[in-house]
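Structure first, commentary second.
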Amino acid sequence: MKFWNEIAVGLWLYAGGESCNVYAVAGPQGVAVINAGTGRWLQHRSELPEPVTALLCTHYFRDHSAGAADAAAAGIPIYVPEYELAIFEDPSQHFRERETYIIYDNLWDLFAPVWPIPVAGVLRDYDSFDVPACGLKVDVLPLPGATVSQIGLGVQLADGSRGVFCGETIHSPGRVPRIAPLQYNYNDMPGAAQVYWSALELTAYSPDLLLPSLGAPISSEIEEALTELRHSMRSLLEVRDGKTASLESLHAPALERVTDHLWRDTQSVANTWYVISESGKAIAIDYGYHSFTSANWQSYPRPARRRALLHGMDGLKRQLGIDRIEAVLVSHFHDDHVCGIPVLQRIYGTECWAAENFSDLLEYPEAHCFPCCWPVASRIDRKLSLEQPFTWEEYTFKLHPMNGHTRYASLIGFEADGKRIAHTGDQYFFYKGAEDFEHNRRAQNHVFRNGALLDGYVESGKWMLEYRPDIVIQGHQPAFFTDDAFFRHIERWTNDYAETAKRSMPLADTDVHFNMDSWGGWIWPYRTRLQAAQPFEITVHLRNPYPTVATLSVALTLPEGWLAPEADVVAGAREEVEISLQVVPAATACKRQPIAASLTANGRPFGEVAEALITIGHCSF
């Protein structure tokens with residue numbers, strides 16, 4: 001029996017019985033296999049004309065990936081989607097983290113590999129990837145659907161045609177192989193909307209051959225097959241009230257004009273705003289999730305369930321004739337505002353400009369544990385000082401202190417088209433959006449764990465009332481065209497914010513407290529990973545809870561056999577201070593081992609106010 005059928009020149013499909021389609025495609029130096037199935041194909045790989053030098057996976061489902069463990073044991077390098085690395089490398093940790101009793105999200109991430117799979121490299125969205133030791137070049141296409149992080153692999157075949165290994169995006173014209181994985185949450189079908197988007201992406205790629213992982217290859221009437229697929233996905237959503245409205249957004253203009261040189265990206269979860277220069281260049285303020293492909297993103301906070309995809313680029317090109325973003329100016333560090341920046345940097349060389357008071361959180365995300373942190377680092381190209389003007393093209397910007405929604409943020413002021421403009425991050429929102437400020441209501445958006453401090457709205461409110469911007473742009477509502485009623489809200493916000501908190505907890509000037517967010521301290525870095533046990537440094541940040549000078553003492557709670565010194569420091573009234581300590585761990589491996597810092601102030605113990613996590617001797621954190 002012949003186990004590999006050549007379905008095109010240099011392209012084979014395993015015919016020996018597998019849990020998914022296993023393809024082999026020839027490169028100049030070897031053969032790449034697409035998806036692992038159960039691994040049965042390994043017994044017959046000698047039938048291929050060249051050695052198998054790589055295995056590429058489109059997604060983690062067990063019927064597609066289980067055989068990768070045997071392939072790795074046979075010396076074949078494994079390449080997996082970037083967002084699925086942790087599931088492949090450490091499934092035990094994945095299953096430890098996953099709730100298995102009270103499940104109200106139905107993503108199929110329990111259908112994951114059981115055995116850890118050594119990974120040689122990741123397949124990053126939009127990359128043109130040269131497969132090592134094979135010579136094959138593949139285009140990595142984001143194709144969310146069966147999994148949030150599924151990819152497709154575009155290749156030029158030996159006969160010059162273009163094929164796409166498209167995973168479970170399509171089974172046959174108009175159909176996916178299974179709809180159950182598309183029900184990400186309890187009873188709706190966000191995954192169907194993702195397949196709709198992926199069908200549009202595949203249509204734009206214009207392949208000559210679709211190579212599904214479940215279903216027969218499609219070599220004719222491909223555009224019609226994908227159009228029919230979109231109609232099928234729409235039918236799944238039509239029976240769910242209002243769920244098709246988002247589909248129309250994919251066919252609407254991507255940019256909305258505010259002024260001649262200021263535009264809003266209609267495809268972004270957190271607003272991306274574009275400032276356009278007279279020379280035809282664009283700078284963005286924030287760049288986070290694509291609003292369509294991150295539908296229901298807030299329900300799925302784990303990194304493997306989210307994805308940073310490009311948005312606005314087609315709009316810039318079609319509507320304004322601009323083909324790249326020069327830089328992203330960041331308002332604050334939250335993932336919905338910044339997750340797309342590393343993608344822009346990788347593909348377009350876009351720069352990232354961030355204020356000095358939070359740039360570290362973008363550059364070293366592993367080092368902190370404040371909310372909504374994107375785990376992929378951004379390269380900081382300009383670290384900007386507060387209250388110091390800087391220029392880009394004909395525009396002058398100035399950053400100002402702001403805390404409230406988060407202390408790790410900055411106001412951004414500039415002028416464009418004769419208007420004073422302020423970007424206020426996520427500080428100021430209204431229940432009716434930009435409508436009728438006289439009768440509107442303020443929406444509170446301070447998040448205590450973000451570092452909400454008592455003076456949070458004082459600094460921003462003072463600046464807003466002095467600057468009196470004509471237009472306020474922010475994270476999640478259309479532009480505010482200000483009037484007197486708007487500024488009356490700002491003035492009341494400034495006063496009400498602290499007073500409401502003081503009525504609810506002891507925050508008077510004479511009280512002993514750790515400010516509104518109640519953090520006694522934190523440890524930097526929050527996460528430390530070591531290949532082997534060796535001394536490492538941490539910095540403990542402590543707050544003086546007293547309205548007077550106090551002596552603060554810190555001691556670490558450590559596992560048996562670990563060592564670290566105790567230390568004292570004198571802190572001014574309500575001052576935040578830093579103490580650096582060296583920790584000497586015992587010579588044993590550990591996984592996310594917690595340690596804690598205990599605070600004593602003027603002899604009074606406040607307990608273990610901060611923690612950090614340590615991993616030693618494991619391939620991933």
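Going residue by residue through segment 569-585, is there one that turns out to be touching a residue at least 40 places away in the same chain (Cβ under 8 Å), surrounded by 14 or more Cβ atoms within 10 Å (Cβ to Cβ) and under 29 Å from Pro118 (Cα atoms)? The answer is yes; a qualifying residue exists. Only one entry in Leu599, Leu552 is within 24 Å of Val447 (Cβ to Cβ), in a strand (DSSP E or B) and modelled with pLDDT of 95 or more, namely Leu599.
Total residues in segment 357-387 satisfying the condition of being outside any helix (DSSP H, G or I) and either buried (at least 17 other Cβ atoms within 10 Å of the Cβ) or not acidic (Asp, Glu) (or both): the figure is 21.
This table checks each residue for (1) surrounded by 18 or more Cβ atoms within 10 Å (Cβ to Cβ); (2) under 23 Å from Val52 (Cβ atoms); (3) of a type in the set (A, V, I, L, M, F, W, C).
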{"residue": "Gly135", "(1), (2), (3)": "no, yes, no"}
{"residue": "Gln156", "(1), (2), (3)": "no, yes, no"}
{"residue": "Phe165", "(1), (2), (3)": "yes, yes, yes"}
{"residue": "Ile170", "(1), (2), (3)": "yes, no, yes"}
{"residue": "Tyr186", "(1), (2), (3)": "no, no, no"}
{"residue": "Ala192", "(1), (2), (3)": "yes, no, yes"}
{"residue": "Thr203", "(1), (2), (3)": "no, no, no"}
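Identify all residues within segment 593-611 that are touching a Gly at 6+ places or on another chain (Cβ under 8 Å) and polar (S, T, N, Q); write none if there are none. The answer is Ser598, and nothing else.
Scanning segment 137-154 for residues that are of a type in the set (S, T, N, Q) and out of contact with any Gly (no Cβ under 6 Å at 6 or more places or on another chain), we see that the one that is surrounded by the fewest Cβ atoms within 10 Å (Cβ to Cβ) is Ser149. Restricting attention to segment 439-465, the residues that are out of contact with any Asp or Glu (no Cβ under 8 Å at 6 or more places or on another chain) and either assigned to a loop (DSSP other than H, G, I, E, B) or of a type outside the set (Ser, Thr, Tyr) (or both) total 16. Which pairs have Cβ atoms under 9 Å, sit 6 or more apart or on different chains, and link a residue in segment 367-394 that is assigned by TED's automatic domain parsing to the domain that holds Leu262 and in contact (Cβ under 8 Å) with a residue 60 or more places away in the chain to one that is hydroxyl-bearing (Ser, Thr, Tyr) and part of a strand (DSSP E or B)? From segment 367-394, the pairs are Ala367/Thr528.
Taken over segment 221-239, the residue count meeting the criterion of being closer than 15 Å to Leu211 by Cα and free of Cβ contacts under 8 Å to residues at least 24 places away in the same chain is 2.
Matching residues to (1) touching a helix residue (DSSP H, G or I) at 6+ places or on another chain (Cβ under 8 Å); (2) part of a helix (DSSP H, G or I); (3) more than 30 Å from Glu438 (Cα to Cα):
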{"residue": "Pro478", "(1), (2), (3)": "no, no, no"}
{"residue": "Tyr497", "(1), (2), (3)": "yes, yes, no"}
{"residue": "Lys502", "(1), (2), (3)": "no, yes, no"}
{"residue": "Ala508", "(1), (2), (3)": "yes, no, yes"}
{"residue": "Val512", "(1), (2), (3)": "no, no, yes"}
{"residue": "Ala533", "(1), (2), (3)": "no, no, yes"}
{"residue": "His541", "(1), (2), (3)": "no, no, yes"}
{"residue": "Pro545", "(1), (2), (3)": "no, no, yes"}
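The values are calculated or read from the model by the stated rules, or taken from the named source; none is laboratory data. A quick note: this is a predicted structure, and the numbers were derived from the prediction, not measured. Here the Cβ is made from the backbone with ideal geometry for all residues, glycine too, and neighbour counts use every protein chain on show.
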